[in-house]
1. With the requirement that a residue be charged (D, E, K, R) and either over 11 Å from THR321 (Cα atoms) or buried (at least 16 other Cβ atoms within 10 Å of the Cβ) (or both), what does segment 364-380 give you?
2. Would you mind finding the one in SER109, SER146 that is under 22 Å from ALA240 (Cα atoms), among the polar types (S, T, N, Q) and either buried (at least 17 other Cβ atoms within 10 Å of the Cβ) or at pLDDT 95 or above (or both)?
3. For segment 121-128, check the following and say yes or no: at least one residue is in contact with a helix residue (DSSP H, G or I) (Cβ under 9 Å, 6 or more places away or on another chain) and either closer than 14 Å to ALA83 by Cα or surrounded by 14 or more Cβ atoms within 10 Å (Cβ to Cβ) (or both).
4. Inspect all residues belonging to segment 356-373 and state whether any of them is aliphatic (A, V, I, L, M), part of a strand (DSSP E or B) and free of Cβ contacts under 8 Å to residues at least 24 places away in the same chain.
5. Which numbered condition trips up ASP97, out of (1) under 16 Å from the mean Cα position of the chain (by Cα); (2) open to solvent by 30 Å² or more (accessible area, probe 1.4 Å); (3) of a type outside the set (A, V, I, L, M, F, W, C)?
6. Confirm whether SER182 is hydroxyl-bearing (Ser, Thr, Tyr), surrounded by fewer than 19 Cβ atoms within 10 Å (Cβ to Cβ) and closer than 30 Å to PRO79 by Cα.
7. With ALA84, ALA77, ALA71 as the choices, which residue is out of contact with any Leu (no Cβ under 6 Å at 6 or more places or on another chain), open to solvent by less than 20 Å² (accessible area, probe 1.4 Å) and modelled with pLDDT of 95 or more?
8. Taking into account only those residues within segment 129-143 that are in contact (Cβ under 8 Å) with a residue 40 or more places away in the chain and among the hydrophobic types (A, V, I, L, M, F, W, C), which is most open to solvent (accessible area, probe 1.4 Å)?
Amino acid sequence: MTKFLLRCFLLLAVAGSSSAQSHGNHGGKAARPELGSAALFTTDGALLVVSKQGGHLLLHRGDAEGKHWAAPTRINAEPEAIAAEGEGRPKLAQAADGAIVVSWTKPLSKPYTGEIRFARAADGKSFDPPLTVHRDRAEITHRFDSLKVMKDGRILVAWIDKRDLEAAKASKNPYRGAAIYSAVSTDHGKSFQPEQKVADHSCECCRIAIAEDRDGSALLFWRHVFAPNERDHALATLRADGTPIRVQRATFDRWKIDACPHHGPGLAVDDQGVRHAVWFNFREGEGRVFYGRLPTDEQASAVAGQRTIGGKRAQHADIATSGQRIAIVWKEFDGEQTRLLAMRSDDGGQTFRDLALDTTEGASDQPRILTRGRELFAFWHTERQGFRLHRLP
């Protein structure tokens, strides 16, 4: 597949998420809505959402059904640049001590550069001044952060980092893509230990998925650049300090392309330890979203139960588990509207049934699945309808 064809596909995907962005621009190019957001249910059942407004991130607190909202509070008191669109969006979690924690990417002055930022509110409302997670302060790529609070209370942040690419350039050595780095907090987000490299040769602009394995280890799942230029996915198992125990190939679609599709994966681990995943790849002449159960054997060469998700314009799927229940949510442009669609399995991913949840004629963020106890919900931020919450029956 050529770069030209890839760009054509991505333009179609963008059209599906931005079909109504040009209204009212009177012949000029309308500003792209920055709808990147994150949501969660707190331990007391409240629905929290983080979104961007100007140079600030706002924390919105709603009721359990997402119908009534209190006035939002600012997360960063001092304005700064914030990435909140596409694969780069703020992240939200609740720490083990009840604090609300948020991470985001702060773009810097040079193109494609950034810092990973983090803020903590011990009372869930008033945030401490944000800190930069990593010790490296070079004006390079530290972008596309992901955030996870582990069951033992550790807070893990992972991101795409280009310090090793820059070092390779300086020494005139070849280097594929970027790298994955992580940093761990053991004091509920008050500080972070020095960052650790997880792997070389990640793709440059796709989000990273984080899940917790049955033994409490963190699992990172990302698009990787396998030699010489296959854009498949890798899976890393991390120690408690964020260093890798192992890194293995996890998908085997063998997409040969020297470009980034801006389309990261999702990962969830069920009660039996099965690793359920969704991802986008180009296979057998088509770009599609896939579901499958990732191998645990480092020598494996296939994904169990791999199947396509949705139609040819399906994009940006997310996945979550609850016991043997598995839910997948994604959005799909039908030529006129963007539809929010879902699939649910009650038998560990052996069979699924389809669900149609919502539509919008405006721009929209990537959908996410939220959990509340054993319940599963789809959350969607749209330009025209705002925050949308759907229970998955």
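The values are calculated or read from the model by the stated rules, or taken from the named source; none is laboratory data. Being a predicted model, the structure only gives us computed values, none of them experimental. Glycine also receives a Cβ, built like all others from the backbone with ideal geometry; neighbour counts cover every protein chain displayed. These accessible areas exclude ligands, DNA and RNA; they are computed on the full protein's heavy atoms, side chains included. Shrake-Rupley method; radii C 1.70, N 1.55, O 1.52, S 1.80 Å.
1. ASP365, ARG368, ARG372
2. Just a single option satisfies the conditions, and that option is SER146.
3. No, there is no match, as no residue in segment 121-128 is in contact with a helix residue (DSSP H, G or I) (Cβ under 9 Å, 6 or more places away or on another chain) and either closer than 14 Å to ALA83 by Cα or surrounded by 14 or more Cβ atoms within 10 Å (Cβ to Cβ) (or both).
4. The answer is yes, given that some residue of segment 356-373 is aliphatic (A, V, I, L, M), part of a strand (DSSP E or B) and free of Cβ contacts under 8 Å to residues at least 24 places away in the same chain.
5. (1)
6. So SER182 fails the test.
7. Result of the check over ALA84, ALA77, ALA71: ALA84.
8. LEU131
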